[in-house]
Amino acid sequence: MCGIVGYVGKESAAPILLDGLSKLEYRGYDSAGVAVFDGDRINVEKCKGRLKVLSDKIDGGNSLKGNLGIGHTRWATHGAPSDVNSHPHTNEKGTFAVVHNGIIENYIKLRSYLTDMGYNFKSDTDTEVVAHLFDHYFNGDMLETAIKMLGKLEGSYALGILSKDNPDRMIAVRKDSPLIVGLSEDGNFIASDIPAVLPYTRDVYLLEDNEIVELRQDGVTVYDMDKRIIKKDVFKINWDISSAEKGGYEHFMIKEIMEQPKAIKDTISPRIKDDKIVFEELTLSKEYIRDIKKIFIVACGSAYHVGMVGKYILEDMTRIPVEVDLASEFRYRNPILSPDTLVIAISQSGETADTIAAIREAKRLGAKVLSIVNVVGSTIARESDNVIYTWAGPEIAVATTKAYSTQLAIMYLLSSHFAYIKGLIDDCKLSEIIKNLDLIPPLVEKMISNKDKLQYYASKNFNSKNIFFLGRGIDYAIALEGSLKLKEISYINSEAYAAGELKHGTISLIEDGTFVIALATQDRLFPKMLSNIKEVKTRGAKVMAIAKESNKEIEQEADIVLYIPDCDDLITPSLAVILLQIFSYYVAVSKGCDVDKPRNLAKSVTVE
Ligand code: GLU
């Protein structure tokens with residue numbers, strides 16, 4: 001999970017590396033480091049802490065001279081965050097430097113082999129074996145050495161490697177960890193993600209697994225593992241760097257919350273033509289869709305919560321049974337799949353390691369895989385039978401907001417599309433649904449206008465030790481997301497419960513003053529929620545409720561009420577979740593937490 005950058009070109013490398021790392025800090029931020037070749041030796045500077053600590057240490061890059069370098073911002077998997085465990089890692093003589101994203105799974109075996117050969121290790125990382133192994137196999141040719149060494153590595157990796165004896169080039173490779181190549185007249189780049197190279201170029205290569213790249217100032221060559229040259233197509237990035245910058249907001253998270261009306265619109269609009277839902281990217285035949293016997297949704301974190309909402313919507317509209325699975329469980333539990341099973345994988349980054357493994361397992365067992373992904377050309381997108389992109393633009397804050405909302409929008413579109421193909425809804429109903437979908441962006445805008453009110457409520461309740469979320473049906477799925485959002489960025493212990501389940505034990509957690517957020521947006525379940533609110537109030541809870549405008553009687557039970565406009569029950573999740581995101585954001589801000597980079601978390605979870 002970490003960010004890698006590399007540069008070889010006409011400019012001084014270190015400032016470019018620091019700038020690139022600043023765009024990748026969302027991927028990992030417990031330590032950072034760079035290695036730059038100065039014409040004579042490879043100088044490595046690295047330290048525990050945020051990028052700022054490194055940047056101050058090397059005077060914004062000015063203290064390191066040279067036009068060839070690699071950089072890393074770490075999210076530790078092997079070895080605690082510390083100066084010595086930070087990347088880049090080197091061989092003992094300091095003639096090779098390596099940055100790595102991923103896990104070398106056979107590092108213990110390799111470490112003991114290398115130790116027996118007389119190599120001394122300085123760090124506790126798995127990565128250091130790469131530096132020594134490269135040294136061990138080095139024959140003067142970096143490419144040949146890399147190919148030989150890669151044959152010995154197991155696990156996942158994106159690697160950037162420098163050699164003092166090859167001062168005009170860098171070698172990079174990816175396997176199950178993301179890496180792109182940026183191409184420009186003045187120099188060439190590697191990076192874990194596009195924003196790192198966007199200030200310099202819009203032309204990139206999207207690398208496939210086991211493609212080895214040799215980068216020089218005047219060109220880039222991509223090889224396969226047999227040293228054959230691979231011809232790559234240049235991929236043009238059509239979004240702007242401003243989408244990956246804060247643009248005057250204090251945090252990416254609030255900027256991304258505000259961007260949701262546009263992101264949802266960009267995701268829905270291109271798929272509606274002449275009052276019909278059109279998925280040009282979908283190659284699943286109508287016959288196949290009509291014959292689907294079961295759908296599995298596999299995902300992790302917030303994307304899993306989209307799956308929970310998806311289950312309600314898909315089952316309700318298509319009458320196909322849906323099972324939602326955590327990708328990390330699905331991959332190991334021997335699921336029952338067949339050709340008439342559709343597996344829907346959801347992932348913002350398209351690089352989530354557990355989800356990648358889950359789709360591979362699904363394909364091995366004969367199912368078709370459709371993925372909902374935000375990052376174009378990512379591993380999940382490439383490996384799925386069908387991919388539907390969310391057009392949320394780059395999401396930088398670790399806690400997802402706009403990717404979540406656009407994934408949800410795809411769920412509405414997909415469910416309606418399948419229901420229409422199955423003949424379960426007619427033109428008239430489809431037209432009504434489309435009207436509802438068109439309403440989401442302006443209604444989300446309206447939700448955002450509650451910002452100041454939510455900031456006030458957050459400022460009154462940020463000291464809570466525990467916060468509980470309650471909901472029934474689709475509101476329960478939203479409660480789960482609200483609770484995750486709150487705990488991941490504010491570190492307040494919070495739990496979401498299906499409101500009807502409360503009395504079966506968990507109500508014992510409610511005591512005088514416990515803050516409870518109750519979602520009561522579903523007309524059919526509203527009276528039941530009123531009773532549940534009453535139950536927790538009776539035991540001393542303070543309740544903030546979310547309900548539809550016309551359900552004013554909720555004011556008699558709840559202490560605080562936030563309203564969403566009267567609308568179809570199916571689209572209320574898209575509105576209610578906005579209130580929960582904003583509330584969580586302001587609670588975290590009130591507590592002084594690092595909102596965009598919560599402790600121990602990283603954005604794109606590319607390790608198991
Ligand atoms: N496994 C390596 C480490 O712990 C790399 C982790 C990462 O991807 O940041 O240093």
Taking the residues in the stretch 1-26 that are at pLDDT 95 or above and within 14 Å of the ligand (Cβ to nearest atom) as candidates, determine which candidate is surrounded by the fewest Cβ atoms within 10 Å (Cβ to Cβ).
L21
Filtered residue count, the stretch 48-63, keeping only those that are within 16 Å of the ligand (Cβ to nearest atom) and crowded, with 19+ Cβ neighbours inside 10 Å:
3
Go through (1) within 24 Å of T514 (Cβ to Cβ); (2) in a helix (DSSP H, G or I) and name the single condition L439 misses.
(1)
Boolean, A327 is of a type in the set (G, A, S), under 23 Å from G155 (Cβ atoms), surrounded by 24 or more Cβ atoms within 10 Å (Cβ to Cβ) and touching a residue at least 24 places away in the same chain (Cβ under 8 Å)
yes
Test set (1) surrounded by 15 or more Cβ atoms within 10 Å (Cβ to Cβ); (2) under 29 Å from V398 (Cα atoms) - R599 fails condition number:
(1)
Given (1) free of Cβ contacts under 8 Å to residues at least 40 places away in the same chain; (2) more than 16 Å from the ligand (Cβ to nearest atom), identify the lone condition not met by G66.
(1)
Tell me, which strands (runs of 3 or more DSSP E) wholly within the stretch 463-531 include 3 or more residues that are within 18 Å of L562 (Cα to Cα)?
466-471, 515-520
Restricting the stretch 168-178 to residues that are at pLDDT 95 or above and not charged (D, E, K, R), the residue that is surrounded by the fewest Cβ atoms within 10 Å (Cβ to Cβ):
I171
In the stretch 90-120, residue nearest to the ligand (Cβ to nearest atom) [restricted to those that are more than 16 Å from D30 (Cα to Cα) and under 27 Å from the mean Cα position of the chain (by Cα)]
I103
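Determine which member of the set T77, T73 is within 16 Å of the ligand (Cβ to nearest atom), of a type outside the set (A, V, I, L, M, F, W, C) and closer than 24 Å to I108 by Cβ. Full working, then the answer.
Numbers: T73 fails: closer than 24 Å to I108 by Cβ.
Checking each option against the conditions leaves just T77.
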If you go through the stretch 146-175 one residue at a time, how many are farther than 17 Å from E128 by Cβ and touching a helix residue (DSSP H, G or I) at 6+ places or on another chain (Cβ under 7 Å)?
5
Among residues belonging to the stretch 27-43 that are open to solvent by less than 10 Å² (accessible area, probe 1.4 Å) and closer than 16 Å to D594 by Cα, point out the one that is nearest to the ligand (Cβ to nearest atom).
G28
When restricted to A499, A588, A576, the only residue within 34 Å of the chain's Cα centre (by Cα), open to solvent by less than 10 Å² (accessible area, probe 1.4 Å) and more than 22 Å from M253 (Cα to Cα) is A499
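The values are calculated or read from the model by the stated rules, or taken from the named source; none is laboratory data. Here the structure is a predicted model, which means the values were calculated and not measured. When we count neighbours, we look across all protein chains shown, and the Cβ atoms used for this are built from the backbone with ideal geometry, even at glycine. Heavy atoms of the whole protein, side chains included, go into the accessibility calculation; ligands, DNA and RNA do not. Shrake-Rupley method; radii C 1.70, N 1.55, O 1.52, S 1.80 Å.
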